[in-house]
Each structure stands twice: as structure tokens, then as C-alpha cells.
Amino acid sequence: MKALPYLRNENGRITLMVDGKPFLVLGGEFHNSSGSDLEYMKTNVWPGLRRLGGNCYLTPVYWECMEPEQGVYDFTLVDGVIDQAREEGVRLILLWFGLWKNGNSAYIPKWMKKDSQYFYMRGQNGQMVESVSPFCKAAVELDKKAFCALMKHLADMDEERTVIMIQVENETGIWGHPRDYSDEATQIFDARIPSEMERLYDVSGSWEEAFGLNACEYFMSWGLSKAVGEIAAAGRSVYNLPMFMNCVAIGMPLKAGDIPSGGPLPRVHKIWRIFAPAIDLYGPDIYSPFYKEVSSEFAAANALIIPEMGQDKNAASKALFTVAAYNTICFSPFGIDGMMTPLSENDLLSQTNSDVVPYDENAGNLLAESYRMLHLLWPQILKAQEEGRIYAFLQQGDQRTEFIMDDYILKISYGGGLGHMGQPVPRKEDSPVGGGFVIRQDKDTFLICGISCNVKVEPRYGSQEQVFVLDKRELKLTETGLEPGRIFNGDERNFTVIGAWPTVQTLTFYRR
Ligand code: DGJ
């Protein structure tokens, strides 16, 4: 039997361990409904993914399909997708679509939907929201029971550890309203806050008295974290896989309800950590233009897990940046099946989702190439991170990025190449944004891995020495790894121009 996957914590640095070794998830999340039809997965999903070469994919477990009758479990879909993943030689992260998926309860079993004892949340004007209230204890109990059944099933059948992590629920929180206004919730909201909250914030009184403008969001975070915390803890006591949650992350302050109120955003992590200690990590779903802000905010909690992000042509640049910039555990664009294989006309029509971008073969190819590079360079990246020798960059509105070292300045500009006077030319409309990283390999040698960028290394301002290029080399990605390619000299020597295809080069200088 293989070792259990776990999160290793070494002086605060968290690493996902699979088969006893560090594991970086480079994959993607399937469209919501793909995993509900195993034949569809075989013909429409896996063939495209072979071209991507990811090592792990995120796929939902639908409560409604798993417990069609109360207390009767059907694991056909779970077993099927695990078998398929094994055939493909990849791992899975299962997403438990239980009580909450995007703030509503679309995936609870049909028999539960029709039974009003599992009461729904209410909005500000008393209108019903199609989402079970976290204060409905009976519903939380049912979710817990079903989740434990799933974990028990995995413990019994997955000795190979094909499933390496579990996402509990999906984007929890109430959309469109600051809090749950059901009678049950309001009664609790008007009462004295729990003693743990009193201690945590050193306040007392009712939720409004204690937290003023934050009252609704803190109240929802508390209610949801208690419910999800209970579900996760019960599941882990049956089968102890690492568990995380995802959340809508916009990257700018919005008030509770404009984004799901109570979801595990950094501003309420303090609450989630106390009431849901069985959840190891909180990951952002990043569809916002503020990619750098969101990723750095979540990475500050010691490890970054990105279960979802936009699946467009910029994903490859973001992959290079993210893995180099942070201690990243998982990078996973959403709708990866549609990114690697065009969705049929019918499927496209049924996608009402504005996050689904039209199929672009090049976007998939770029991502595949960046994954191949990252798989090869990851050990070097980790070492360089430990030793502070890595510089990651991503174009986000800005036109250039500068890193000032003790003796060199690294100047990255973003564009489409060089003009006849050596000036950077603006990026073509359809090329990806610039992104990548530079590793300082020794005093005078730099490894550059990037997309759509121009890299220049200069001596630090005011230096008495002149710096010249001694050696500049391309590293080619071959079947067996990175191998030395062209030696760049002459026209290609002084300015490193990287086009819209992921490229690796090394650059060595000498001084006089
Ligand atoms: C966020 C959700 O978590 C996903 O399941 C999916 O609905 C995406 N949004 C689509 O953009």
C-alpha cells in the first residue's frame, strides 16, 4: 500500500507530499458536468489532456448522483473517474459538491431539495435563496454522513492513492445578500456572539454590537466555517487526506454579498482557522485582472493553491510566474477539457458561463509547453527560492519590471521583439501577456524562462566595471529534458527577446 498524501510543514513552508515525495500539481479543473458521464470523459476529455501532460486533475463528486436515495450510495462515477485517471497515469483532486456549490445548493440530492425541513437561507427582503442555511443542523448532518461515506469508500478502494486531496464544498457563501435572514439565522444573529468570537476579537455583545459593519460577513463566516469544519473533520477521521477550500477572489475590496458573504477570503481566515481546523488551505479562484494581488495575498498564508483560474492564452505565462514567485502547491485553470479540446456547438450553447473563453488551440499548446518546462525546472526553482536567487515577473498593465540586485539590474520589458534601433516593439494584440522567471545560477550566469518578454541584464548604476556577454545559449526541450541548443551571438547576443512561445536560455557575463 502506498503512503498517504500529506502536507509537510517545514518551518512554515508547506509542501504537498505524494508517494513520500514533493508534488507540484500542474493540471486543470474539468467543466462542472463532464464527470457525470464516463463515456463523455473517455471520448471528449482525456484525449485532449494527453496533449497537455498535466499530472493531476480536479473533478467534482456530485452528491445528487452519489446518494440518489437517502442512505443508498452509488459510487459508479467516483470509481469510473478514478479508473480512468489510473489508466492515464495521473492523480485526482476530488471536489465535494455537497451542500454548497457557488453559494447555492444545486448538487444536494433531489429527495432533499423537496423536503423543507432542510431549510434554505433567506435574503434581505425575506425572499428564499436556493441555498441550504448553514444553521440547518439536520442538513449539515446529512452532508457529513454522505461525505464520510465517500471518504470511507476512498479509504477502502484507493490503495494506489490516485486521489491526493479533497476540496470540501465549492465557493461557499451567500451571493447577493450580506447574510442569511432566515428566522433561525436572525435569532442567532441577534443573540450574544459565541465566546470563541469574544476571545478572538476581544469584543462582546450581539453580532452588530460587536462587529458593526463587519457583522454580517463575520456571522456568515462563523456559521459556514462551523458547518464545513464539522463536515471536513468527520471526513478526515475516516480517511485523512489533505483538505482545502476554494473561494471567489476578486482582488479589490467589495462588500459582503457582492461576493459570497462568509466565503473564506483572507479577511475572514482568522475565523475559518478557528472553526474549521480540519481545512488545511484556502485557495483563490482567480478570474479577476488582479492576478498578482490575489495570488500574493493567498500565498502569504505559506502555500498557494489555485484550484481555478481563467483558461485563456495567458494561463501559460501565469503558470511560469506563479510557480516561480510563490510556494505553489497547485496551478489549475478551470474548464481545462474545453481548453484542450473544442467544445461541441451544443456544449457551447449550454455554457452560459462568461468565464468560458472560445477554444484557442494555441492557448492549450502554450500551457502544455510551460508545464513541460516547469516539471523539468521545478527542483531548480525550489532551490533558488530557498536561496533567494529567483525573480518572477508577470505583465499586468505595466510595461516593464526591474529587479535590482547588489551588482546587476535585471530589466524585463514586455513586447513583441526589437525594432531596428533596438527599441522594444509593442505586443501584438493576440499574443499572451509576458511572464516567466530568471534564476541566478551563479555570480554571472542567469537562466531565463519566459513568454513574450525582453530581458536585459545591466551592471548596477554607478558601477565602475563594464559587463559584456560571454555566453548565451538556448536550452531546447527534448523528449529527455532540456538540452543545449543554439549558441546566440552577433545580432542575437545583447538583448534577450522571447516571443510568444515559452523559451529557456542561459546568459553568462564577464566584466572588465
Ligand atoms: C467558479 C466555480 O467554482 C466553478 O465550478 C465554475 O462554475 C466556474 N466558476 C466557472 O467560471
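The values are calculated or read from the model by the stated rules, or taken from the named source; none is laboratory data. Values in this document were obtained by computation on a predicted structure and should not be read as measured data. Neighbour counts are summed over all protein chains in view; Cβ atoms, including those assigned to glycine, are modelled from backbone coordinates with ideal geometry.
Quick notes on this structure:
- Taken together, the residues in region 171-185 that are crowded, with 24+ Cβ neighbours inside 10 Å and closer than 30 Å to residue 79 by Cβ amount to 1.
- Taken together, the residues in region 50-71 that are within 26 Å of residue 305 (Cα to Cα) and either out of contact with any helix residue (DSSP H, G or I) (no Cβ under 9 Å at 6 or more places or on another chain) or away from the ligand (no atom under 16 Å from the Cβ) (or both) amount to 7.
- Complete set of residues in region 335-365 that are at pLDDT 90 or above and either more than 18 Å from residue 50 (Cβ to Cβ) or within 14 Å of the ligand (Cβ to nearest atom) (or both): 335, 336, 337, 338, 339
- The number of residues in region 18-30 being in a loop (DSSP other than H, G, I, E, B) and either small (Gly, Ala, Ser) or at pLDDT below 95 (or both) comes to 1.
- Residue pairs meeting the criteria (Cβ under 7 Å; at least 6 apart or on separate chains; first farther than 18 Å from residue 139 by Cβ, in region 211-239; second crowded, with 24+ Cβ neighbours inside 10 Å and of a type in the set (S, T, N, Q)): 216/261; 217/261
- Listed by first and then second residue, the pairs with beta-carbon distance under 8 Å, at least 6 apart or on different chains, first residue in region 104-116 and free of Cβ contacts under 8 Å to residues at least 24 places away in the same chain, second assigned to a loop (DSSP other than H, G, I, E, B), are 113/105.
- Among the candidates 284, 307, 264, 289, the residue that is within 16 Å of the ligand (Cβ to nearest atom), closer than 23 Å to residue 199 by Cα and touching a residue at least 24 places away in the same chain (Cβ under 8 Å) is uniquely 264.
- For region 8-49, filtering for residues that are away from the ligand (no atom under 16 Å from the Cβ) and either closer than 19 Å to residue 93 by Cβ or in contact with a Phe, Trp or Tyr (Cβ under 6 Å, 6 or more places away or on another chain) (or both) leaves 19.
- Of the strands (runs of 3 or more DSSP E) lying entirely inside region 95-204, the ones with 2 or more residues being within 25 Å of the chain's Cα centre (by Cα) and more than 16 Å from the ligand (Cβ to nearest atom) are found at 163-170.
- Enumeration of residues in region 61-88 that are touching a Gly at 6+ places or on another chain (Cβ under 7 Å) and crowded, with 20+ Cβ neighbours inside 10 Å: 63, 81
- Set 83, 74: member being away from the ligand (no atom under 16 Å from the Cβ), outside any helix (DSSP H, G or I), free of Cβ contacts under 8 Å to residues at least 60 places away in the same chain and under 29 Å from residue 19 (Cα atoms): 74
- Single condition residue 380 does not satisfy, out of (1) closer than 22 Å to residue 460 by Cα; (2) surrounded by fewer than 19 Cβ atoms within 10 Å (Cβ to Cβ); (3) of a type outside the set (Val, Ile, Thr); (4) touching a strand residue (DSSP E or B) at 6+ places or on another chain (Cβ under 7 Å): (1)
- Conditions (1) within 23 Å of residue 138 (Cβ to Cβ); (2) free of Cβ contacts under 8 Å to residues at least 12 places away in the same chain: number failed by residue 253: (1)
- For region 295-314, the candidate set comprises residues that are surrounded by 24 or more Cβ atoms within 10 Å (Cβ to Cβ) and either under 16 Å from residue 435 (Cβ atoms) or among the hydroxyl-bearing types (Ser, Thr, Tyr) (or both); within that set, the residue that is farthest from the chain's Cα centre (by Cα) is 314.
- Some residue of region 39-62 being more than 22 Å from the chain's Cα centre (by Cα), farther than 21 Å from residue 373 by Cα, at pLDDT 95 or above and outside any helix (DSSP H, G or I): no
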